[in-house]
Amino acid sequence: MRIALLGQQRFGQAVLEAFLERKDTVAGVFCAPEKAGAGIDPLRAAAEQRAIPVYQLASLKTEEARKILRALDVDLGVMAYVLQFVPEEFRAIPSRGTIQYHPSLLPRYRGPSAVNWPIIRGDTRTGLTIFRPTDGLDEGPVILQKETPIGPDDTLGQVYFERLFPMGVTALLEASDLVMSGTDAAAEQEESSATYEGWCRAAESRINWHNHVDQIYNLIRGCNPAPAAWTLFNGKKLHLLDARKHPVRRYSQVAGHIGAVTAIGDASLHIAAHGGQIEVFKVRYEGGEKLPAARFCAVAGLGVGTVLGA
């Protein structure tokens, strides 16, 4: 088949390489312009290395964009991690239309942080969807879905990079074959089950130590590695990364005030919350690098009894 690939970053690169590995033709790549100081996008670099034309347009809503895509004369448009708006006038140009990857089980978790929110909310399963996009964000008929469990200690990094990323690459190949064979039985999304959530960024990833330990732990897991859940120490952000939850079952097991550091060991520190304690193994202080928690405590002077978040 002959495709036009729309995407960016490592996922876009992996999709490009997967299509090329099985001898499909990638006629052109549409990649968003890099932000200042960001370096060359991995998808762009991989395409240029293989002498595949790369188009970095500020907008895909223009006649210029449509003219370029028409000239490529492709069977299918494939959207792999696309943050630019792709209008119907552009999507309809390939002879078999356009398909898109989304890292959730649509119609739940439409939106740009679809991997974070299921973990933050304590869901036990998530997945991916390949669908026919419309002008509504993450709306459109579903071609196929793949499901994966979310373990009680899984982080965003584990769920995405170990599962949703490679599963998504394979699913785009599978869906492309279904479309080309005419056997893609796309089903409309059930709007009564739909949800939309916005970005999970700094405001959403701030820890409220007065929440239950389950909520705090899920927030840390769902933001690890990015955007990284955080609290305040000496007026600066302290990001909490690798962690574990330890429930308390009796009043006699409660130690320390809410948000207080209750213990510092060789490999971790413990912080009190309602219903238990959070044990933290890796942290990153504002402007610094990722460090073992115990080492950070020694360097920064964080001691037992320190109340975080103030």
Q | Spin-label pair H246/E21, simplified geometry with 7 Å Cα→Cβ offset, distance in nm | A | 4.3
Q. What net charge do the residues around G198 carry, taking every other residue with its C-beta under 15 Å from that of G198, with Lys and Arg at +1 and Asp and Glu at -1?
A. +1
Q. Rounded to two decimals, what is Rg over Rh for segment 125-179 when you use alpha-carbon atoms and the Kirkwood radius?
A. 1.03
Q) Taking the Cα-to-Cβ direction at F161 and at I258 and moving 7 Å from each Cα, how far apart do the two end points lie in nm? A) 3.4
Q | Residue-averaged 222 nm ellipticity for the chain, from DSSP H runs of 4+ at -39500 (n - 2.57), nearest 500 | A | -7000 deg cm²/dmol
Q: Can you tell me what the convex hull of the Cα atoms of segment 209-283 projects to on average, as an area in nm²?
A: 4.8
Q | Whole-angstrom gap from segment 222-273 to segment 6-69, using each part's C-alpha centre | A | 42
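How high is the FRET efficiency from A92 to H212, r the C-beta distance, R0 41 Å, rounded to 0.05?
Values: r = 48 Å, r/R0 = 1.18.
Rounded to the nearest 0.05, the efficiency is 0.25.
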Q: Please list the equivalent ellipsoid semi-axes of segment 168-310, computed as the square roots of five times the alpha-carbon gyration tensor eigenvalues, in descending order and whole angstrom.
A: 39, 18, 14
Q. Just how large is the dipole of the chain about the Cα centre, in debye to the nearest 20, putting +1 at every Lys and Arg Cβ and -1 at every Asp and Glu Cβ?
A. 920
Q | Simple spin-label estimate for L137 and A202 in nanometres, 7 Å along Cα-Cβ | A | 2.0
Q | Stokes-Einstein D in µm²/s, Kirkwood radius over Cα pairs - segment 102-227 at 4 °C with 1.567 mPa s viscosity | A | 85
**Q.** Packing rank of 181-192, 292-303, where each peptide gets the mean count of other beta carbons within 10 Å, highest leading
**A.** 292-303, 181-192
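Just want to confirm a number: the relative contact order over segment 1-43, from Cα pairs under 8 angstrom separated by 6+ residues, in percent. Can you show the working numbers first?
Values: 53 pairs, mean separation 23.3, N = 43.
Across segment 1-43, relative contact order equals 54 percent.
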**Q.** Dimensionless Rg ratio for segment 198-238, taking C-alpha atoms and the 2.2 N^0.38 Å reference
**A.** 1.10
Q.
Nearest 10 degrees is fine. How inclined is helix 165-181 to the longest principal axis of the chain, computing both from alpha carbons?
A. 20
Q: Quote the FRET efficiency, to the nearest 0.05, computed for L83 versus Q145 with a Förster distance R0 of 22 Å and r equal to the Cβ-Cβ distance.
A: 0.50
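Compute the Rg/Rh shape ratio of segment 81-144: radius of gyration over Kirkwood radius, all on alpha-carbon atoms.
On the way: Rg = 12.6 Å, Rh = 12.5 Å.
Ratio of gyration radius to Kirkwood radius: 1.01.
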(Q) With 24 Å as the cut-off, how large is the P(r) tail for the chain, expressed as percent of Cα-Cα pairs? (A) 58
Q | Karplus (6.51, -1.76, 1.60) ³J(HN,Hα), θ = phi - 60°, over segment 202-217, in Hz, Gly and Pro reported as x | A | 4, 5, 7, 9, 6, 7, 9, 5, 8, 6, 5, 4, 5, 5, 5, 5
Q. Which value, in nm² and rounded to one decimal, describes the direction-averaged projected area of the C-alpha convex hull of segment 1-150?
A. 9.3
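Using a 1.4 Å probe, what is the accessible area per residue for segment 75-158, in Å²?
Details: 3060 Å² over 84 residues.
Per-residue value: 36 Å².
The values are calculated or read from the model by the stated rules, or taken from the named source; none is laboratory data. Please read all numbers here as calculations on a predicted model, not as lab measurements. Don't worry about glycine lacking a Cβ; one is built from the backbone with ideal geometry, like all the others, and counts go over all protein chains shown. When the accessible area is computed, the model is the full protein with side chains, heavy atoms only, and any ligands, DNA or RNA have been set aside. Shrake-Rupley method; radii C 1.70, N 1.55, O 1.52, S 1.80 Å.
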